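For reference, the structure is listed below as structure tokens.
No lab work stands behind these numbers, since they all come straight from the coordinates. Since we're looking at a predicted model, the values are computed, not measured. All Cβ positions, glycine included, derive from the backbone under ideal geometry; neighbour counts span all protein chains shown.
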């Protein structure tokens with residue numbers, strides 16, 4: 001039947017079919033490539049992954065090296081990053097969505113946030129080097145690193161907050177205002193709790209990016225060889241807490257992996273692969289958590 | 001006992017003191033939020049101020065022409081040369097390789113997701129793209145150095161262990177999810193009627209996609225790829241690990257050459273004394289990188305704004 | 001036309017002794033450049049139900065939202081005229097009047113049930129918490145009282161801490177009424193409160209409003225003539241943003257004077 005069609009149309013149909021196949025193949029090829037890469041990483045890294053690897057300090061001898069300070073550092077930096085970026089980002093998002101008058105300042109802030117999201121992460125690192133490490137004298141510390149990462153993910157948190165606030169039904173704002181609430185009460189008591197799952201999802205996505213960041217940490221002076229842990233945040237005597245760990249020199253999983261990769265010996269490359277498996281698992285796990293949260297929130301929505 | 005009396009006044013009417021407190025808190029709260037929003041502007045100003053402030057003394061010392069009119073970058077040698085083009089060449093070459101991979105693949109994927117893919121696949125694609133974007137860059141660096149380069153060495157005999165080809169290709173894979181999701185948004189913004197008109201004329205899906213959708217979403221797609229390009233320029237770990245750390249003025253993908261970002265990492269991974277020449281050179285390179293990415297981002301923003309104006 | 005000169009609708013002795021809760025005088029309203037209300041003058045009597053009726057788009061809801069200045073949430077609005085809230089003659093629309101103070105005296109129920117995404121208890125307590133009430137006993141007591149008045153207590157008393165979204169549509173709307181009643185407002189604005197509900201839930205709410213009318217001043221926007229006839233004392237008919245007719249329900253709905261009202265009522269009877 002198709003042989004009776006004019007050749008031009010036949011050709012169009014053929015091309016159509018070809019592109020359909022190609023379109024099917026392309027995601028398949030991409031997924032395949034990625035799986036091969038992952039497989040290689042896991043194959044090289046898995047033999048090293050055991051409790052000793054997780055609980056040992058780095059060493060000049062590959063067979064005794066571990067990633068204890070690296071993952072402790074990553075988690076410490078990540079928690080301080082979240083503690084800094086979430087209140088700041090949510091506050092800025094609230095301002096832009098609920099307070100900002102239409103005008104030059106608001107426009108400036110909005111354009112600026114869009115531009116900040118496009119600034120290479122390593123430049124944030126250099127900003128931190130000049131401002132926090134040297135300027136404020138915080139040194140190459142966990143605090144400096146966390147402040148840099150917080151600035152880095154701030155635009156993401158702001159945008160996520162605004163989107164989550166916009167998704168709150170108008171009728172909820174109206175109900176609160178009609179009840180006599182002022183703007184602060186409306187936001188804090190009613191709108192923010194309703195937007196919280198959306199904000200949380202955005203924050204988690206941002207943190208999953210932050211955990212893999214390497215370049216800005218290098219710039220603020222991360223060490224790739226640390227044989228001690230930061231001091232404990234808890235103390236046996238009052239006031240029971242201690243902020244000294246914030247000023248401790250630091251390393252992180254990504255830095256550890258980069259350090260090992262920079263060495264020429266293949267034995268260290270295998271360690272890098274093992275650290276990479278842990279890092280990748282951590283990043284994907286955090287990200288998957290965000291996806292699950294979003295799906296759940298969508299199901300619970302009225 | 002609160003009740004509504006004949007006088008009609010509610011006994012839950014808040015006291016004047018409460019209202020005063022509430023007004024005070026409201027003002028305080030608003031001021032705090034304003035400060036947080038203003039902080040984001042401050043960050044940009046700080047970046048610009050730091051980059052300029054730290055590189056000005058350097059530029060005054062060596063002169064702008066020594067930086068812009070030379071192609072040898074050896075600032076830490078006994079007889080230093082400051083030709084930043086050596087680093088810019090590395091950045092441009094790796095970025096263009098990345099774009100050469102990501103542009104066709106990204107467009108095809110975006111078109112496929114928009115026009116062909118069944119809704120279920122489309123729904124599944126977003127989280128997958130998101131997961132891909134979450135793979136740490138240092139892991140991509142590992143792939144480039146230890147998987148892709150050996151593979152390429154099998155195909156191209158004599159390929160050095162550090163080369164821009166492997167770095168650029170992996171960079172392309174890295175920005176792919178970003179480019180796909182942005183161009184898909186641009187394609188989705190094309191009015192339905194336009195698409196339906198094409199189908200009504202008897203266009204096939206491919207003809208609709210290439211002949212109608214792509215041209216209609218042109219500025220949005222260009223803007224998407226410019227944003228992806230800026231991201232590739234600022235990427236650090238892949239090029240540092242796979243393209244080597246040797247500043248060399250070359251556009252040959254089969255050679256290794258340091259990019260601007262690679263230089264920054266290389267120098268700051270060692271111990272850089274504050275205010276030293278090495279320290280200052282970091283900020284000069286950073287200023288160059290900032291200007292490059294800022295220009296590309298600005299272009300992207302202008303393009304997408306033009307589109308939204310026309311849409312309105 | 002001033003409010004003083006306005007004819008009080010009913011000439012019965014009972015009506016004369018009802019003081020006014022709200023005086024709306026020469027109210028005009030603009031959304032951007034579009035004028036939505038034209039010179040509306042309307043008295044609202046205390047502890048009576050006044051129904052606003054009229055074809056959709058006539059400005060009923062817009063008028064209601066002027067009274068608690070809910071339009072202030074969107075940019076580009078403009079008021080002209082006066083709304084005085086008695087006692088005290090609070091000048092609602094005056095620029096120096098804080099809309100928050102107006103809203104603290106007035107409660108509102110919306111077209112679609114819009115409970116807050118929290119527990120039943122917290123929904124009802126919300127208005128009190130906003131007013132700084134913290135005492136648990138007082139909150140408990142007022143929550144129970146409001147839920148009883150809204151006719152919801154028997155159904156929810158064992159699950160006060162359930163999520164409000166687990167209630168049915170009719171229950172949610174009664175919860176919203178309880179929420180509005182809890183801070184003991186002087187005036188209750190109801191914006192087509194039964195339009196999203198099924199007939200059974202509608203009947204329930206109407207019965208409830210009939211009970212409430214002896215204690216509260218209610219301004220009710222409705223598109224249901226029967227509803228106005230069943231529960232309202234006074235009826236105002238709006239057409240294209242103008243108040244066409246106003247009087248006791250019995251007069252306006254049974255013997256309308258204006259041809260536009262007659263036509264509208266005839267259309268509805270058909």
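May I ask you to sort B:15, A:208, A:79 by Cβ crowding, counting other Cβ atoms within 10 Å and putting the fewest first? Mind showing how you got there, number by number?
Values: B:15 10, A:208 26, A:79 14.
Listing B:15, A:208, A:79 from fewest to most nearby Cβ atoms yields B:15, A:79, A:208.
Could you give me D for segment B:118-260, from Stokes-Einstein at 25 °C and 0.890 mPa s, where the hydrodynamic radius is the Kirkwood radius over C-alpha pairs? Units µm² s⁻¹, please.
Numbers: Rh = 17.3 Å.
Answer from the Stokes-Einstein relation: 142 µm²/s.
Length gained on full extension, residue C:214 to residue C:266, computed as 0.36 nm times the residue gap minus the Cα-Cα distance: 15.6 nm.
Please find, in a Gaussian network model of chain A (springs between Cα atoms separated by less than 10 Å), the residue of A:29, A:275, A:164 whose mean-square fluctuation is greatest. Greatest mean-square fluctuation among the candidates belongs to A:29.
Hey, could you get me the Stokes-Einstein D for chain A, Kirkwood radius over alpha-carbon pairs, 20 °C and 1.002 mPa s, rounded to whole µm² s⁻¹?
On the way: Rh = 22.5 Å.
Taking Rh from Cα pairs, D becomes 95 µm²/s.
Note on residue A:265 and residue B:42: with the Förster distance fixed at 30 Å, the Cβ-Cβ geometry gives a FRET efficiency of about 0.10. In segment A:171-192, which residues have a backbone nitrogen under 18 Å from the label point lying 7 Å from residue C:165's Cα in the Cα-to-Cβ direction? Hits in segment A:171-192 for residue C:165 at 18 Å: A:171-176, A:189-192.
How would you rank B:279-292, C:254-267, highest first, on the average number of other Cβ atoms within 10 Å across their residues?
Highest-to-lowest ranking by the protection proxy: B:279-292, C:254-267.
Taking all C-alpha pairs of segment C:47-139, those more than 23 Å from each other amount to 39 percent. To the nearest 10 degrees, how steep is helix C:169-181 against the longest Cα principal axis of chain C, on a 0 to 90 scale? For helix C:169-181, the angle is close to 80 degrees. In a solvent-free Debye calculation with one equal scatterer on each Cα, what is log10 I(q)/I(0) for segment C:18-269 at q = 0.11 Å⁻¹, listed in the order of the q values? With one equal scatterer per Cα and no solvent, log10 I(q)/I(0) is -0.58.
Quickly rank B:297-304, C:74-81 as a protection proxy: mean count of other C-beta atoms within 10 Å, highest first. Each step should come with its number before you reach the end.
Numbers: B:297-304: 18.5, C:74-81: 13.5.
The packing order, highest mean first, is B:297-304, C:74-81.
With neighbours defined as other Cβ atoms within 10 Å of a residue's Cβ, the residues C:34, A:209 order from fewest to most as C:34, A:209. Shielding value for A:166-178 is 6, the average number of Cβ atoms from other chains within 10 Å of each residue's Cβ.
Evaluated at q = 0.12 Å⁻¹, the base-10 log of the normalised Debye intensity for chain B, with identical point scatterers placed on the Cα atoms, takes the values -0.92.
Placing a label point 7 Å from the Cα of residue B:35 along the Cα-to-Cβ direction, the residues of segment A:139-154 whose backbone N falls under 18 Å from that point are A:151.
Can you give the Rg/Rh ratio of segment B:226-311, where Rg is from the C-alpha atoms and Rh is the Kirkwood radius?
Numbers: Rg = 16.0 Å, Rh = 14.6 Å.
Computed over Cα atoms, the ratio is 1.10.
What shape does segment A:84-128 have by the C-alpha gyration tensor, where a ≥ b ≥ c are the square roots of the eigenvalues, rounded means a/c under 1.5, and otherwise prolate means a/b greater than b/c and oblate the rest?
Judged from the Cα gyration tensor, segment A:84-128 comes out oblate (a/c at least 1.5, b/c at or above a/b).
Treating the angle as unsigned and between 0 and 90°, give the value, to the nearest 10°, between the Cα long axis of helix C:199-212 and the longest Cα principal axis of chain C. Between the helix axis and the principal axis of chain C, the angle is about 80 degrees. Ranked by how many other Cβ atoms sit within 10 Å of their own Cβ, fewest first, the residues C:144, B:255 fall in the order C:144, B:255.
Tell me whether segment C:124-254 comes out rounded, prolate or oblate; compute the Cα gyration tensor, take square roots of the eigenvalues as a ≥ b ≥ c, and use a/c under 1.5 as the rounded threshold. Numbers along the way, then the final one.
Values: a/c = 2.44, a/b = 1.81, b/c = 1.35.
Taking the square roots of the gyration eigenvalues as a ≥ b ≥ c, segment C:124-254 is prolate.
The separation of segment B:24-43 from segment C:139-197, counted between C-alpha centres, amounts to 37 Å.
Per-residue mean of foreign Cβ neighbours for A:254-263 is 5 (Cβ atoms of other chains, 10 Å radius). Computed from Cα positions, the angle between helix B:164-188 and the longest principal axis of chain B comes to roughly 30 degrees. Note on chain C: with a GNM built from Cα contacts shorter than 10 Å, the maximum mean-square fluctuation among C:103, C:47, C:131 falls on C:131.
Treating the Cα atoms of segment B:16-62 as identical point scatterers in vacuum, please give the log10 of the normalised Debye intensity I(q)/I(0) at q = 0.23 Å⁻¹, two decimals. Cα-only, vacuum Debye calculation for segment B:16-62: -0.79.
What ranking, highest mean first, results for peptides A:87-100, B:85-98 when packing means the other Cβ atoms within 10 Å averaged over each residue? Kindly include the intermediate steps, with their values, before the conclusion.
Numbers: A:87-100: 22.1, B:85-98: 24.0.
Packing proxy ranking, top to bottom: B:85-98, A:87-100.
All Cα-Cα distances of segment A:182-302, cut into 5 Å bins from zero to the largest, leave 2, 10, 12, 13, 13, 13, 13, 11, 7, 3, 1, 1, 0 percent in each bin in turn. Directionally averaged projected area (segment A:231-290, Cα convex hull): 6.3 nm².
Taking each residue of B:194-206 in turn, how many C-beta atoms of other protein chains fall within 10 Å of its C-beta, and what is the average?
2
At a temperature of 10 °C and a viscosity of 1.306 mPa s, determine how fast the protein assembly as shown diffuses translationally according to Stokes-Einstein, using the Kirkwood radius over alpha-carbon pairs as Rh; express D in µm²/s, rounded to the nearest whole number.
Details: Rh = 31.6 Å.
It diffuses with D of about 50 µm²/s by this estimate.
The alpha carbons of segment B:33-176 stretch over 61, 59, 24 Å along the principal axes, in descending order.
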